[in-house]
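Asker: Let me give you the structure first, and then I'll get to my questions.
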Amino acid sequence: MISVIIVEDELASQYFIKKLIEENFPQLNIIGIYNNVATAIFEITRLKPNLVFLDIQIKGGTGFDIINSFEKRFFEVIFITAYGNYAIQAIKAEAIDYILKPITTTEFLASVNKALQKLSHNELTQKSNSSRISIQTKNEIILLETNLIHYLEADGTYTFIHTNDKRYLSSINIGAYEPLLDSSVFFRTHHSFIINMKLVESYKKGRNGEVIMISGKKIPVAQRRVKEFLLRLK
């Protein structure tokens with residue numbers, strides 16, 4: 001689960017943000033709602049959330065006072081405010097997004113989805129030297145042993161990750177996975193495919209070529225990748 005804290009001093013906004021999260025993002029767990037700077041700093045330090053929804057003008061100071069109290073910030077931020085003149089400061093603070101009140105559902109959902117992608121990417125980066133990768137699905141984060149992966153398949157900005165008996169849909173694009181996989185084992189045959197070379201059964205020669213995996217799946221090899229693939233196959 002992804003832990004969330006809401007820092008907002010308007011009860012109506014607290015309720016609306018909480019409602020939108022609970023109705024649309026089951027993978028988010030709200031662990032605290034606070035209405036002032038001092039309490040927010042204390043609880044963020046104690047609870048270490050992944051994501052903070054942060055108002056700017058709140059009791060005891062501003063949302064920037066909260067951010068600046070952390071020398072090394074370990075959480076992502078989405079600003080939600082009635083004031084439009086802090087956007088540049090928000091950009092400098094590397095916030096995921098800056099939502100103006102009144103909050104619209106469409107904008108809120110888009111912002112949270114951006115945050116989920118960023119958090120998942122952070123998780124992937126942290127585990128880049130591991131034998132496991134993190135898969136951000138709609139409802140959960142799955143840690144998968146890379147040796148179980150047969151191949152990865154791009155689907156627009158999403159990625160299907162195939163094992164022997166399962167298929168996972170990740171919200172991270174295939175390009176983000178490539179540098180995190182062992183290059184001595186995995187090879188990108190095509191802009192839409194990365195394969196586990198240990199699970200190749202055969203190769204059909206041709207201008208472009210085609211890999212047959214042990215599962216029977218046929219995967220194209222782009223013409224520009226054929227030479228490198230054949231060298232790896234040897």
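The numbers here are math on the coordinates, done by the rules we state, and not lab data. Being a predicted model, the structure only gives us computed values, none of them experimental. Heads up, the Cβs are rebuilt from the backbone with ideal geometry, glycines too, and the neighbour counts pull from every protein chain shown.
Asker: If you take Cα extents along the principal axes in Å from the coordinates, which of (1) 53, 34, 33; (2) 69, 33, 32; (3) 63, 38, 27 do you get?
Answerer: (2)
Asker: Right, another one. Given contacts defined as C-alpha pairs under 8 Å and at least six residues apart, what's the relative contact order of the chain, whole-number percent?
Answerer: Averaging sequence separation for qualifying contacts and normalising by length gives 11 percent for the chain.
Asker: Also, I was wondering about something else. Sort Tyr151, Tyr15 by Cβ crowding within 10 Å, fewest neighbours at the top.
Answerer: Tyr15, Tyr151
Asker: If you put +1 on each Lys and Arg Cβ and -1 on each Asp and Glu Cβ, how big is the dipole of the range 131-233 around its Cα centre, in Debye rounded to 20?
Answerer: Result for the range 131-233 is approximately 440 debye, rounded to the nearest 20.
Asker: What's the angle, to the nearest 10 degrees (0 to 90), between helix 11-24's Cα axis and the longest principal axis of the chain?
Answerer: Once rounded, one gets 20 degrees.
Asker: Quick one: go through the range 74-115 and flag any residue whose amide nitrogen is under 16 Å from the point 7 Å out along the Cα-to-Cβ line of Gln57.
Answerer: 80-87, 99-103
Asker: Restricting the calculation to Cα positions, tell me the Rg (one decimal) and the Dmax (whole number) of the range 28-110 in Å.
Answerer: 12.2, 33
Asker: Among Glu94, Glu71, Glu178, which one moves the most in a GNM of the chain with springs linking Cα atoms closer than 10 Å?
Answerer: Sorting by GNM fluctuation, first place goes to Glu71.
Asker: If you don't mind, another one. Once you place label points 7 Å from the Cα toward the Cβ at Arg167 and Ile88, how far apart are they in nm?
Answerer: Reported label-point gap for Arg167 and Ile88 is 5.0 nm.
Asker: Okay, helix-only estimate at 222 nm for the chain: each DSSP H run of n ≥ 4 adds -39500 (n - 2.57), divide by all residues, round to 500 deg cm²/dmol; what do you get?
Answerer: Computed ellipticity for the chain at 222 nm equals -9000 deg cm²/dmol.
Asker: Arrange the following residues from fewest to most other Cβ atoms within 10 Å of their Cβ: Lys92, Lys101.
Answerer: Listing Lys92, Lys101 from fewest to most nearby Cβ atoms yields Lys92, Lys101.
Asker: Mind checking the full-extension length gain between Lys101 and Asn147? Use 0.36 nm per residue of separation minus the Cα-Cα distance, one decimal, nm.
Answerer: Result for the pair: 11.9 nm of gain on full extension.
Asker: Still on this structure, please answer the following. Hey, with R₀ at 30 Å, roughly what FRET efficiency would Glu140 and Lys227 work out to, going by the Cβ-Cβ distance, to 0.05?
Answerer: Efficiency, rounded to the nearest 0.05: 0.15.
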